[in-house]
Amino acid sequence: MTFDELGLSAPLLRAIEEKGYRQPSPIQAVAIPAVLSGRDLMAAAQTGTGKTAGFTLPILELLHAKGVAHPHRIRALVLTPTRELAAQVVESIATYGAHLPFKSTVVFGGVKPNPQIAALRRGIDILVATPGRLLDLCQQGEVKFSDLEVLVLDEADRMLDMGFIHDIRRILKLLPQQRQNLMFSATFANEIRGLAKTIMNNPLEVSVSAPNTTAERVKQWVYPVDKIRKSALLRELVVQNDWQQVLVFSRTKHGANRLSEYLEKAGVNASAIHGNKSQGARTKALSGFKSGKIRVLVATDIAARGLDIAQLPQVVNFDLPNVPEDYVHRIGRTGRAGASGRAFSLVSADEIKQLNDIEQVIQRHITREYVDGFEPDHEVPASAPLRKPRTSGQGKTAGGRGRRDDKQPGPTSRGRSTEGHNRPRQKKRTGNSTR
Ligand code: AMP
């Protein structure tokens, strides 16, 4: 399958070629024709699947094909949960739309509204926004949606997690009834389906990249360690293995700050990225990380979502997330595009419940390793046996697998890599295997 076969016209094909993509990803192969046909779409696809191009390319094509009745009036609106994701989406629109006359801009909170208002007043065709700031600007009369044709809810599950449901509903009331709706979400839990029902008109449902796909291509280890020694163990792992670029996940903002301060003091360049940081501080941390100045970027789950950092060799879970699906998102940041990545979780005895939940979701026990000098006084109990996953089998699949249940992976990942799960005292050095 090539991009030409998907019905995209020359200016877009040229931009795709310049970007260096050779063929559409599975979500693009399904989403592009669906969007071009005018259908509503509900796509279960995570970051890393190419979902952004999956909606930006056909939207640009539609706007181009229909011609411009009123240049630079908002014809497409993309809502995202975070500023980072919003910034990345608008960057993608600029890249793919490089040879088209459309203007796009982004509005999000945490920065002064005046430049955003000025951009809106100059006129734009595609608006990317986080819900809160968009609503503020709507209330100030700065945004008009009378020409809107397409609405995209990107990472809809995160928007609900972050409490944006009321803002979204208020925004929906401001949009023309007649429009095309596209919803992208990592999961389609009941709450999302509830929202979708009120928005979508006979949507095509597609699913790619089930969580088990991620879990299969990422090598994973658990390092049992006492809670108070986690920071020191992390430093040890970074230094011993000479990791130059590692994304570390922290459940809390305070924890992220404390850890990055500890690492800095211990001689490892580190920075924290989370919702309490200003946009400027986040951008600086991210660019320092990308350029190699910052070796360890400590992020909370929400801040990490949507960060466009390609192909990280490894990620570390400084603590385990309470929601097991977040673990799958976290480890999905490594080993993208077929490359195998590595994920290391520092686990203390009190996290056994989270570990059991995660192992249940990924349907495997994660190998445990011990680092000399960091063996825990409080041992992490042995993992619980795995229960059989529930499966649901309806809908169309873009990635070649049956559609996944929101919480459970497909059966293909069952029963792998159980080494060591019930031998918690097994000792291994941090040798080449983690390098
Ligand atoms: P996304 O899931 O939209 O965040 O995209 C993940 C990454 O895949 C981004 O860095 C894109 O630039 C890249 N990408 C998107 N589509 C393709 C494609 N067809 N071929 C290669 N890379 C792609």
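The values are calculated or read from the model by the stated rules, or taken from the named source; none is laboratory data. As the structure is a computational prediction, the values presented were derived from the model and not from experiment. Note that each Cβ is placed from the backbone with ideal geometry, even for glycine, and that neighbours are counted across all protein chains shown. For the accessible areas, the whole protein counts, side chains as well, though only heavy atoms, and no ligand, DNA or RNA atoms are used. Shrake-Rupley method; radii C 1.70, N 1.55, O 1.52, S 1.80 Å.
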Exercise. Would you pick out the residues in the stretch 13-40 that are closer than 18 Å to LYS66 by Cα and under 25 Å from the mean Cα position of the chain (by Cα)?
Worked result: ILE32, PRO33, ALA34, VAL35, LEU36, ARG39, ASP40
Exercise. What's the number of the condition ILE192 fails, among (1) outside any helix (DSSP H, G or I); (2) within 23 Å of the chain's Cα centre (by Cα)?
Worked result: (1)
Exercise. What are the pairs, 6+ residues apart or on separate chains, where a residue within the stretch 20-34 that is touching a residue at least 12 places away in the same chain (Cβ under 8 Å) and part of a helix (DSSP H, G or I) has its Cβ under 6 Å from a residue that is near the ligand (Cβ under 7 Å from one of its atoms) and not small (Gly, Ala, Ser)?
Worked result: ILE27/THR49; ILE27/LYS51
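Quick grid of which residues meet (1) in the same structural domain as VAL111 (by TED's automatic domain parsing); (2) in a helix (DSSP H, G or I); (3) among the β-branched types (Val, Ile, Thr); (4) over 26 Å from VAL323 (Cβ atoms):
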residue: SER231; (1), (2), (3), (4): no, yes, no, no
residue: ALA256; (1), (2), (3), (4): no, yes, no, no
residue: GLY267; (1), (2), (3), (4): no, no, no, yes
residue: LEU286; (1), (2), (3), (4): no, yes, no, no
residue: ILE302; (1), (2), (3), (4): no, yes, yes, no
residue: LEU307; (1), (2), (3), (4): no, no, no, no
Exercise. Can you tell me which residues in the stretch 329-374 are among the basic types (Lys, Arg) and either in contact with a strand residue (DSSP E or B) (Cβ under 9 Å, 6 or more places away or on another chain) or touching a residue at least 24 places away in the same chain (Cβ under 8 Å) (or both)?
Worked result: ARG330, ARG333, ARG336, ARG342, ARG364, ARG368
Exercise. Is there a residue being within 15 Å of VAL152 (Cα to Cα), in contact with a Pro (Cβ under 6 Å, 6 or more places away or on another chain), within 15 Å of the ligand (Cβ to nearest atom) and modelled with pLDDT of 95 or more anywhere in the stretch 43-63?
Worked result: no
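Being open to solvent by 70 Å² or more (accessible area, probe 1.4 Å), touching a Pro at 6+ places or on another chain (Cβ under 7 Å) and more than 16 Å from the ligand (Cβ to nearest atom) narrows it down to one of ARG251, ARG229, ARG235, so name that one. Even if it seems obvious, please write down each step before you answer.
Details: ARG229 fails: touching a Pro at 6+ places or on another chain (Cβ under 7 Å); ARG235 fails: touching a Pro at 6+ places or on another chain (Cβ under 7 Å).
It is ARG251.
Let's see how each residue does on (1) touching a residue at least 12 places away in the same chain (Cβ under 8 Å); (2) under 15 Å from the mean Cα position of the chain (by Cα); (3) within 16 Å of the ligand (Cβ to nearest atom):
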{"position": "LYS290", "(1), (2), (3)": "yes, no, yes"}
{"position": "VAL296", "(1), (2), (3)": "yes, no, no"}
{"position": "ASP301", "(1), (2), (3)": "yes, yes, no"}
{"position": "ARG305", "(1), (2), (3)": "yes, yes, yes"}
{"position": "ILE309", "(1), (2), (3)": "yes, yes, yes"}
{"position": "LEU312", "(1), (2), (3)": "yes, yes, yes"}
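Going through the stretch 41-55 one residue at a time, which ones are farther than 17 Å from LEU204 by Cβ and either without any contact (Cβ under 8 Å) to a residue 60 or more places away in the chain or assigned to a loop (DSSP other than H, G, I, E, B) (or both)?
Answer for the stretch 41-55, where residues must be farther than 17 Å from LEU204 by Cβ and either without any contact (Cβ under 8 Å) to a residue 60 or more places away in the chain or assigned to a loop (DSSP other than H, G, I, E, B) (or both): GLN46, THR47, GLY48, GLY50, ALA53.
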Seminar exercise, completed: The one condition VAL90 fails out of (1) open to solvent by 10 Å² or more (accessible area, probe 1.4 Å); (2) at pLDDT below 95 is (2)
For this session: Considering every residue within the stretch 1-17, establish whether at least one is open to solvent by less than 30 Å² (accessible area, probe 1.4 Å) and touching a Ser or Thr at 6+ places or on another chain (Cβ under 6 Å).
Result: no
